[in-house]
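Heads up: the structure comes next, in structure tokens.
Derivation of every value follows stated rules applied to the coordinates shown; laboratory data play no part. Just so we're clear, the structure is a prediction, and the values are computed from it rather than from any experiment. Glycine also receives a Cβ, built like all others from the backbone with ideal geometry; neighbour counts cover every protein chain displayed.
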Amino acid sequence: MKRTETVTLTNMCMIKNGDKILVLDRNDPVWPGLTFPGGHVEPHESFNDSVVREIKEETGLTISHPQFVGAKQFYDKNHERYLVFFYVADKFKGTVKASDEGTLTWMTKEELQQHKLAYNFDHDLPVFFDPNVSEHMLDGKRDELF
């Protein structure tokens, strides 16, 4: 059995400000809709550093002490594993400014759930909101929360 595989590493962060969360309306034609900001982990970059950098690039905010809350994994069109590390941050500095990724809006959880979400993002939300859920596995055969 092969013990290594090609993996894409990414992150996503729910930024909280009281009862509001920062939501990204993605421009991406491949995965449009509402989600949380995030992006790819660069070579030799820690997961923590990558989420801080990506949030700065996509929102203008500098987050501190993001808390890892779980992960999502699936296989991409090339049948390679794709991992998304989920974080929550409630400490930040700066002013929100949109990037090329899309527009940013502060919403409550209830408002978020009433909008068009990115494909399958509704299945990711329990990882962010339910402390008993830490993983979303999606592989074409199953779509499970653990």
>> Run the numbers for His123 and Asp100: contour at 0.36 nm per residue of separation, minus the present Cα-Cα distance, in nm.
In response: 5.7 nm
>> Quick check: residue separation of Glu110 and Tyr75 times 0.36 nm, minus the Cα distance between them. What number comes out in nm?
In response: 9.6 nm
>> Run the helix sum for the chain: -39,500 (n - 2.57) per DSSP H stretch of 4+ residues, divided by residue count, reported at 222 nm to the nearest 500 deg cm²/dmol.
In response: -5000 deg cm²/dmol
>> Pairs of alpha-carbon atoms within less than 8 angstrom and 6+ residues apart define the contacts here; what relative contact order does the chain have, in percent?
In response: 29
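Which order results if Val30, Val84 are arranged by neighbouring Cβ count within 10 Å, fewest first?
Working: Val30 7, Val84 18.
By the 10 Å Cβ count, ascending, the order reads Val30, Val84.
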> Considering the values (1) 1.45; (2) 1.23; (3) 1.02, which represents Cα Rg over 2.2 N^0.38 Å as calculated for the structure under consideration?
Replying inline: (3)
>> Quick check on the exposure proxy: order Asp76, Asp90 from fewest to most C-beta atoms within 10 angstrom.
In response: Asp76, Asp90
